[in-house]
Structures are given as structure tokens and as C-alpha cells.
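Only one structure is covered here, and it is reproduced in the block below.
The values are calculated or read from the model by the stated rules, or taken from the named source; none is laboratory data. Here the structure is a predicted model, which means the values were calculated and not measured. Neighbour counts run over all protein chains shown; Cβ positions are idealised from the backbone, glycine included. Keep in mind that these areas ignore ligands, DNA and RNA; they rest on the heavy atoms of the full protein, side chains included. Shrake-Rupley method; radii C 1.70, N 1.55, O 1.52, S 1.80 Å.
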Amino acid sequence: MWRCALPPLLRYPTVDELGARAAALVARHPREARLRRIGTSRAGSPLWLLSVGHGGRQALVVAGPHANEPVGGATVLRLAERALADPRLTEDADATWNLLLCLDPDGLRRNENWLHGPYTLGNYFRNFFRPGFLEQPEWLPEGADRAGLPETRALLDLQDELRPFFQCSLHGVDVGGGFVELTRDLPGLAQRVAHCAARLGIPRELGPYDTLYWPSLGPAVYRIPPPRVSDLAAAITEAAVESTWFHPHRHGTVTAIVEAPMWGVAGVEDASPPPDRVAVLRTVSHTLRHDAARLERLLARIRPHLLAAPDAARLLAPVDDYLLVCPGLADTWDPDVADGARPLPPLSTGHLAALRIAGRRLALRTAGLLHQLVVRAGTDPTGALPELDRLVDDWCADYRDGCGARWIPVARQVEYQSRVVLAAFELAGRYAPAGFRSGEPGWGSGAAVPMHRE
């Protein structure tokens with residue numbers, strides 16, 4: 001057994017640093033590690049795949065599918081180090097680890113103004129970038145056959161090449177707690193997640209807003225329902241859409257989405273019944289509706305003056321997406337707006353904390369993007385910038401003082417995420433059908449059960 005000589009990551013790596021550190025690992029371990037380019041981004045950045053081991057069973061780990069969630073890049077480097085140091089993860093498991101360093105390098109570059117710190121909520125949201133829904137490479141809004149983004153096409157081709165028995169997509173929660181989403185149950189994972197979270201002081205999110213209607217497989221572990229046709233607003237707020245998470249299931253793959261928080265909130269793991277569910281829901285929904293209306297008015301004032309901003313259309317796309325979904329979410333959460341077709345499930349105190357955080361997140365992301373647009377335009381004839389600064393400051397203070405959001409050091413985020421990935425990897429191998437090897441046809445190819453029939 002040997003150790004890797006790379007220094008630990010105490011901050012988020014940039015796109016270039018990811019490639020350099022991966023190349024250094026390969027240079028130190030040329031027999032066990034390989035680095036190859038599997039595609040090119042829209043802006044011409046290489047999509048690098050780091051592979052460790054020579055086993056017949058393929059594991060695929062995808063980092064950086066969302067541009068504002070950089071923890072995954074540091075995690076795949078940590079996983080590579082562990083796979084190189086521990087033959088139980090490669091030789092003994094007959095496994096090869098395939099680690100995609102960053103699926104959206106163009107988007108990650110747009111977040112580099114905050115990647116090295118200071119790690120404050122205000123700095124994060126003022127420099128936040130995440131592309132509009134139709135430019136996020138994991139989603140397949142028109143199906144795999146019509147996937148147009150080169151990043152998406154590269155991932156689909158890689159999945160069909162590797163036919164992995166296990167796939168993991170690495171995500172980050174800006175404010176809240178950690179949780180896992182699975183396409184198939186891995187018995188025992190919830191207990192492993194609880195152990196990792198307790199050891200590292202990571203709150204578990206017991207009711208993320210996008211899993212409200214999903215089956216629970218244990219605390220902070222949820223089963224993703226099969227993809228279904230939905231409109232754009234639903235697709236933005238619900239992950240159960242056509243995606244690269246489900247694409248490799250024709251090959252027998254189980255997919256895990258591992259979410260690690262940047263700022264932790266203890267309240268999201270409170271499973272107790274809320275003292276006044278209706279009052280909290282009313283406040284959360286009315287606040288979201290009020291904040292969205294205020295941002296709509298600001299956008300109407302400044303939109304005519306944003307044409308001078310570099311790449312204005314790319315920044316406006318997520319703004320329009322967020323403002324599109326706010327009214328519908330507010331109505332869904334509002335106890336005074338009857339929705340007999342899809343009533344809210346029973347909610348714990350943790351669920352309500354997550355809803356409050358989610359509503360504030362939509363408003364803060366929108367305000368942060370508008371702030372960037374005005375700054376980049378170099379002109380502010382309507383005087384919107386001071387108002388946007390006040391909104392960002394006030395809403396970040398609500399996260400910090402009202403929700404108790406506390407920064408989790410990068411090294412601890414990475415350790416938590418890597419431990420959860422390793423636990424899911426072990427369980428996926430344990431519960432694979434007897435004799436299964438990557439690429440075996442027929443497993444998991446049956447018709448999906450519609451969510452409403454579960």
C-alpha cells in the first residue's frame with residue numbers, strides 16, 4: 001500500500017487546477033492511473049476523465065454537473081487518491097474508477113471569483129453562476145437522441161462505452177444539509193450516511209424541497225421516481241426528469257446523487273412535528289411571492305440597459321427560469337391556495353426549514369445574477385445596484401442569523417462526500433445481481449412504474 005504525495009485541498013480547485021492535480025497523480029502512478037479527454041465543452045475546454053485501476057467492473061463518478069457546486073472536483077481527486085492507496089477499492093473489487101473531473105468547465109470558470117474565498121454568503125451569491133435549465137448538461141429535456149450540448153453528448157457516449165455497474169453524480173447544497181438520491185435502493189446506505197454525517201458534523205437534510213413527493217429509503221436518502229414528461233417550470237424544480245442519471249440503466253447501472261452542503265443548517269434535520277405548520281407555510285409562500293414580485297419589478301427597470309453587459313443573454317436565462325418558477329412554488333406551499341391534485345405530504349419541522357431555505361435561495365440567486373449584470377454593464381441609470389446590494393445583504397443575514405447557516409470547511413465537505421460515495425460503491429457491488437459485470441444486458445430494462453402508481 002502506498003500514499004499519494006499531493007497536498008490536501010483546503011479550498012475549491014479551479015478547472016485548471018483539477019487538470020493539473022490529476023496529471024500529477026498520473027505521473028506518480030502511470031501503471032494504475034490514466035487521464036484521457038472524452039470530449040470538449042462549448043467554449044473549447046477539455047473534458048478530462050481520470051481512471052484508476054484495471055478491474056472489469058466500471059464505476060463512473062461525475063463531478064461538476066452544476067457550475068456553482070465545486071465540491072465534486074475536490075472529491076474526485078480524493079477518491080482517486082484513495083483508490084490508488086487501497087487495493088480493496090480496485091483489485092479486490094475487480095473495479096475501475098472512472099472520474100470525470102468536471103462536466104461543465106465553462107460554468108465553473110464563471111464561478112472562479114468566489115472559489116478561492118473569502119467564503120461568505122455575500123461573496124458567493126454576488127459571484128454565483130449557474131446556466132439556465134436548457135444549458136445544464138445532465139438534463140435531457142428532449143431525450144438522449146436529441147441531446148445538443150457537447151458536454152451532454154460526451155457523458156452519454158461515456159456511459160454507453162463503460163456500461164458502469166455504479167454511477168455517482170456529485171452535487172453541492174449551498175445552504176442546508178447533505179442527502180442522497182438513488183435510482184434503486186441500496187439497503188444500509190441511510191445508516192452509513194448518518195454515521196458519516198455525525199462523525200464530520202454535517203447536518204442531514206430530512207426534507208429537501210425537490211424530494212417532497214419522493215419515496216424515502218431512510219433518513220436523508222430518497223428514491224428518484226422514473227422520468228416523466230413535464231413542463232419547463234416543473235423540470236427546473238423537480239429532478240425527476242429525463243436525465244443522464246437514468247440513461248445508463250439499460251446497462252444495469254444504479255445511480256447515486258450525493259449532495260454535500262457548503263453552509264450547514266441544523267434545523268433541516270429536525271424530524272419533530274412543527275408547532276404551527278400552517279403559519280410557517282403561509283409565511284414562506286407569501287415571502288417568496290413578495291420577493292419574486294420585487295425582483296420582477298427590478299428586472300423590468302434594468303433589462304433595457306443590460307444589453308451592454310458582456311454575455312447578457314447567458315446571465316438572463318437563469319434569471320428568467322427562477323422568476324418563472326417562483327409563483328408556482330409559492331402557490332404549492334401556500335395553505336390558502338387549494339391544490340387537490342397534489343396536496344403537500346405530512347411535513348416535519350425540518351421540511352419547513354428546507355422550504356424556507358429553498359424560497360430564499362431562488363430570490364438570492366436571482367438578485368446575485370442581476371447584481372452581476374448591472375456591474376458588467378458598467379452603467380446603472382436606474383440606480384438598481386444599491387437596492388440589489390441591500391437585498392443580497394439582508395437575505396444573506398436571514399440565512400446566517402435567521403436560519404443559523406454556518407460555513408463547513410472545504411476539506412470536511414470533501415471528506416463527507418467521498419465517504420458517502422465509497423459507502424454507496426460498496427453497497428452497489430454487494431447488491432448487484434449474482435455474476436453481474438458492467439455491460440451485462442437485461443438488468444433494469446423493465447418498464448418504469450409511473451410515480452402515481454407507486
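Odds and ends about this structure:
- The listed residue being of a type in the set (Val, Ile, Thr), closer than 30 Å to Asn98 by Cα and at pLDDT 95 or above, out of Val392, Val374, Val414: Val414
- Residue check for Thr244: in contact with an Asp or Glu (Cβ under 6 Å, 6 or more places away or on another chain), at pLDDT 90 or above, of a type outside the set (A, V, I, L, M) and open to solvent by less than 40 Å² (accessible area, probe 1.4 Å): yes
- Residue check for His351: closer than 25 Å to Val325 by Cβ, open to solvent by 30 Å² or more (accessible area, probe 1.4 Å), modelled with pLDDT of 95 or more and not aliphatic (A, V, I, L, M): yes
- Residue within segment 177-198 that is within 17 Å of the chain's Cα centre (by Cα), among the aromatic types (Phe, Trp, Tyr) and at pLDDT 95 or above present: yes
- Qualifying residues in segment 127-153 (those that are under 19 Å from the mean Cα position of the chain (by Cα) and in a helix (DSSP H, G or I)) - the one surrounded by the most Cβ atoms within 10 Å (Cβ to Cβ): Glu151
- Restricting Arg28, Arg21 to residues that are closer than 30 Å to Arg365 by Cβ, touching a helix residue (DSSP H, G or I) at 6+ places or on another chain (Cβ under 9 Å) and charged (D, E, K, R) narrows the list to Arg21.
- Residue identified as farther than 18 Å from Gly176 by Cα and assigned to a helix (DSSP H, G or I) among Leu329, Leu364: Leu329
- Restricting segment 247-273 to residues that are hydroxyl-bearing (Ser, Thr, Tyr) and more than 17 Å from the chain's Cα centre (by Cα) leaves a set whose member that is most open to solvent (accessible area, probe 1.4 Å) is Ser272.
- Take the conditions (1) at pLDDT 90 or above; (2) over 30 Å from Pro327 (Cβ atoms); (3) not polar (S, T, N, Q); Arg250 misses just one of them, which is (1).
- Counted residues, segment 35-57 - those being in a strand (DSSP E or B), farther than 20 Å from Leu84 by Cβ and in contact (Cβ under 8 Å) with a residue 60 or more places away in the chain: 4
- Test: Asp380 is acidic (Asp, Glu) and over 13 Å from Leu298 (Cα atoms): no
- Inside segment 64-100, residues that are under 15 Å from Ala424 (Cα atoms) and without any contact (Cβ under 8 Å) to a residue 24 or more places away in the chain make up a count of 1.
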